[in-house]
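Novice: Quick one: the structure is below, and I'll ask about it shortly.
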Amino acid sequence: MSTETFQTELNQRAAVRARMLTRRSRVAAVTVALGALLALGVIDFFSEAGTGPRLVLTLIALAAVVGLVLRLWNSRVPQPVDELVAATETQADDSTLALRTAADDSARDATARAEMGEELLERLDAHAAELLNDNPLPLRAELRRWQIGLTAVLTVTVLFVALGGWLSYLRLALPGADLTYTQVRLAKLPERLAKGATIEVSGQVTGRRAAEVTVRLAALGQAQTASVAVDGSFRVTVPNVSGATSLQAFAGDGQSDEYQLDPYDLPSVARYHIEVSPPAYAQRLKKTVDEPSFDVLEGSSIRYTIETLEQPVEAVFAVAGGEENAAENLPFAAGATNRFELRLPLLAESIEYGLRLTGRHGDIALDPEPHRILVLPDEPPTIRILSHTGDEFELGKPVQFQLRGTDDVGIDSLKLLYRKIGETPEEQLVEFDKGAAHEFTAAATLDLSGLDLKPYDIVAVHAEARDGNVLSGPGIGESEVVLIEVPPPPGDDGSQGGGGGGGGGNEERVNPLEMQKHILTDTSRLPHDPPAKDRIPIRAEQLEALGYVEQLREQADTVTTDFVAIQFSLELRMAASAMKLSARNLQPYDRKQAITAQELAIAALTRAAALIPDDQQMPGQSEDAGQDGQPKITLRESSSSSSSESENSEERMKELLAQIEQMIAEQEALNEELAAAEEGSETASDPSAEAQAQLGQRSSQAAQTAAGLPIPTGAQGGAEALSGLLEEAANLLGQASGEIEDQALGQALQLGTEGEGTLTDAAELLRAALGQADRILSEADELPSGYAPLIENYLRAISYEE
């Protein structure tokens, strides 16, 4: 190879190398810059960066672009031969320096001037050319790798842009612009909004799908979140917008335009002024209240005034409907500015109500919770006898009483009612401090000289207080009955009916007269509507006393030739009838009738005791009767009646009692079913006419069994009376079965209840015959001719009723 040829080849190779280095540099710069921009776009795409992070990404992208420009600007590589020679020698690992010498002009000139210089140069160029040919430039493969990388980056970038990445590049290019992947638009909000109102915010989410949207009220610190529908729509309920605030919806990285809410005030009550005027007799209870819930005395008038914060168009007093009253709207009358007034009608019962205020924009303000006006009835007064001197009574001396009265309003009048047992009551007014009529004590002196009292007489005294209730009253309160016994004449140490007798061994003595006095005192202490647990023991004691009196009467009936014994028996009959009436009015409870009957029984027993001569015993009395100079009614308890019954008969009676009790339980359950079905209860089962008919048949069979039992006639009519009760129950239950079939449930319930009561009477009669419980009350005992009207007239004469 000639020298010129070698030089040309060397320069060409140097130029090619320079171009390839320049191209590689440019491809690498573009690849790195595009890769950086792709990475930044992907980061923004998935992070949905906000304004701050976006600005950072934009700065990084700008740095990459500037770096690329500078790299391209300075990427041209010069073509020095020295670099080509050094690179080739390094690649060939040549240490002869032949290529470097051949490329060096000064070395070539020196060699040419030497001996055989031309030949040496040719050989040098040949060796250098061989090195060049054997070691081509390695830059092509490296350039190709960069070109492949650039192609891959461009491909991914195109795919990214096609999938939405164009927005990422646009966001990076315009970091301050409002460019979001998700867009939120709100529907139009109401122009007018009342404070405390609930609004419904709706709108549409577009762009990148969001799972939920959040509506924020910035000034109020409220936020409500709702799911976004498949079509991008959403609906959010925002409660209690209580003041001015901005409203904005957020979903993903997007947010809606900001809306300003400025709600106006609803009319509301600033002050209550309620004047309560009770009836004229209770003016001391007049009051003014400033709360919407309060209590009033029945019959009070109410002047209801409210002052509002805003001037409403209308104010209404809305009464809630109840079981006995329908809903009602009572409009207020507009008074001065922001003032409304209403005079309520007299309220017969408690009510729940609310105030409804209508504002200028048609908004209606309602009370969140109902208010209550509690109507209180005027309860009857209570009066007690704290003490009296009747226990030390002497003829001709008055009796001192100390009384205590209370009433929720005030007592209008107070008096003592007194009467000799068996006579019409008389009354004496008692003075008291009416200024303290709500609660007071008073003293009274009662002169009994006008009653023409005699030894052994008994005087009944009780106090009566009345209030001034002119609407549903007057309310009447009565104290317990105090019995004042007139002591025997001087020389007698006993008191009438006292002690129950002495002597006669260790046998127990009972005195029906003392028992009846105790029953009267206990009954008078009961309230006007006592619970069953308080009445039942008194009724049991009354039935026990009745049993003793009937035993006395049966024993007295054995003496038919003595006039005094006959009269004694008649008085005992009257006492027994009064005792039965007393027991009947203790269950169910009728205070006046029960106490009147008890006083009648005491009067009859007292007259019976007075018939007994000092030296004579009546049948059934203890041996010591009359030995202390006073008549007594006492009785030895005896168990001889039970010994007369055979063991077999007693077992039959117990079995019949168990059957009757079972029928009572089943009839009670049937009555409950009838009551529930008549009321239309959803859980009620249909009453069975067949079950009712079977109960009637069983009662009829029990009646046949009862007819054969050895029950004495004196035991409330005996077996005949028991059989009659069971047969009557069977007829009632059979009629009830027919009414059930005819779907006349009300009539069936009435018949079933009567049948249950008749079965209960039968069970009580049988228990009395067995000695297991109280004696049964019965109408079967006939009084001697002429005594029935006498008892009725006597009851009317001493009754408390006016």
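The values are calculated or read from the model by the stated rules, or taken from the named source; none is laboratory data. All of these numbers come straight from a predicted model, not from anything done at the bench. Virtual Cβ from ideal backbone geometry, glycine too; neighbours counted across all protein chains shown. Protein only, heavy atoms only, side chains kept; ligands, DNA and RNA dropped before computing areas. Shrake-Rupley method; radii C 1.70, N 1.55, O 1.52, S 1.80 Å.
Novice: Each label point is 7 Å from the Cα along the Cα-to-Cβ direction; what then is the distance between the points at VAL289 and TYR259, in nm?
Specialist: Each label point lies 7 Å from its Cα, and together they span 4.3 nm.
Novice: Let me ask something additional. What does the charge count near SER227 come to, summing +1 for each Lys or Arg and -1 for each Asp or Glu among other residues with Cβ under 14 Å from its Cβ?
Specialist: On the way: positive: ARG209, ARG235; negative: GLU212, ASP231.
Net of charged neighbours comes to 0.
Novice: Apply the Karplus curve 6.51 cos²θ - 1.76 cosθ + 1.60, θ = phi - 60°, to the phi angles in segment 465-476 and return the couplings in whole Hz, x for Gly and Pro.
Specialist: Listing the rounded values in order: 10, 10, 8, x, 5, 9, 8, 10, x, x, x, 10 Hz.
Novice: Expressed as a whole percentage, what fraction of the accessible surface of segment 380-421 belongs to carbon and sulfur atoms when a 1.4 Å probe is rolled over the protein heavy atoms? Before the final figure, lay out each step's value.
Specialist: On the way: 850 of 1930 Å².
Percent of accessible area from carbon and sulfur atoms in segment 380-421: 44.
Novice: While we're here: If you count only protein heavy atoms with a 1.4 Å probe, what accessible area per residue comes out for segment 377-499, rounded to a whole Å²? Before the final figure, lay out the partial values.
Specialist: Details: 5740 Å² over 123 residues.
Solvent-accessible surface per residue comes out at 47 Å².
Novice: So for segment 215-333, averaging the separation of alpha carbon pairs under 8 Å that are six or more residues apart and normalising by length, what relative contact order in percent results?
Specialist: Rounded, it is 17 percent for segment 215-333.
Novice: Using amide H atoms built 1.01 Å from N in the peptide plane, name the residues 5+ places from SER300, or on other chains, whose amide H lies under 5 Å from its own.
Specialist: Amide H neighbours of SER300, under 5 Å, 5+ apart: LEU347.
Novice: How high is the FRET efficiency from GLU307 to VAL65, r the C-beta distance, R0 56 Å, rounded to 0.05?
Specialist: Approximately 0.15, to the nearest 0.05.
Novice: Quick query: amide H of VAL481 versus all other amide H atoms, modeled in the peptide plane; which residues come in under 5 Å with a sequence gap of 5 or more or a different chain?
Specialist: The answer is SER524, ARG525.
Novice: Sticking with this structure for a sec: Carbon-plus-sulfur fraction of the accessible area of segment 245-367, 1.4 Å probe, in percent?
Specialist: Numbers: 2920 of 6410 Å².
Answer for segment 245-367: carbon and sulfur cover 46 percent of the accessible area.
Novice: Further question: Can you give me the long-range amide H partners of GLU426? Hydrogens built in the peptide plane at 1.01 Å from N, cutoff under 5 Å, separation of 5 or more residues or another chain.
Specialist: For GLU426, the qualifying residues are TYR418, ARG419.
Novice: Using each residue's phi in segment 511-516, evaluate 6.51 cos²θ - 1.76 cosθ + 1.60 at θ = phi - 60° and report the 3J(HN,Hα) Karplus result to the nearest Hz, with x for Gly and Pro.
Specialist: 10, x, 5, 5, 4, 5
Novice: For segment 415-432, take each phi angle, set θ = phi - 60°, evaluate the Karplus expression 6.51 cos²θ - 1.76 cosθ + 1.60, and give the result in whole Hz per residue in order, putting x for glycine and proline.
Specialist: Couplings: 8, 9, 10, 9, 7, 6, 3, x, 10, 5, x, 10, 9, 9, 5, 10, 7, 8 Hz.
Novice: Rolling a 1.4 angstrom probe over the protein heavy atoms, how many square angstrom per residue are accessible across segment 174-237?
Specialist: I get 57 Å² per residue for segment 174-237.
Novice: Counting only other residues whose beta carbon sits under 14 Å from that of ILE199, what net charge do I get with K and R as +1, D and E as -1?
Specialist: +1
Novice: Going by a ≥ b ≥ c, the root eigenvalues of the Cα gyration tensor, does segment 269-358 fall in the rounded group (a/c under 1.5), the prolate group (a/b larger than b/c) or the oblate group?
Specialist: Numbers: a/c = 2.27, a/b = 1.29, b/c = 1.76.
It comes out oblate by the Cα gyration axes.
Novice: Over segment 263-384, what is the relative contact order in whole percent, taking alpha-carbon pairs under 8 Å and six or more residues apart?
Specialist: 28 percent
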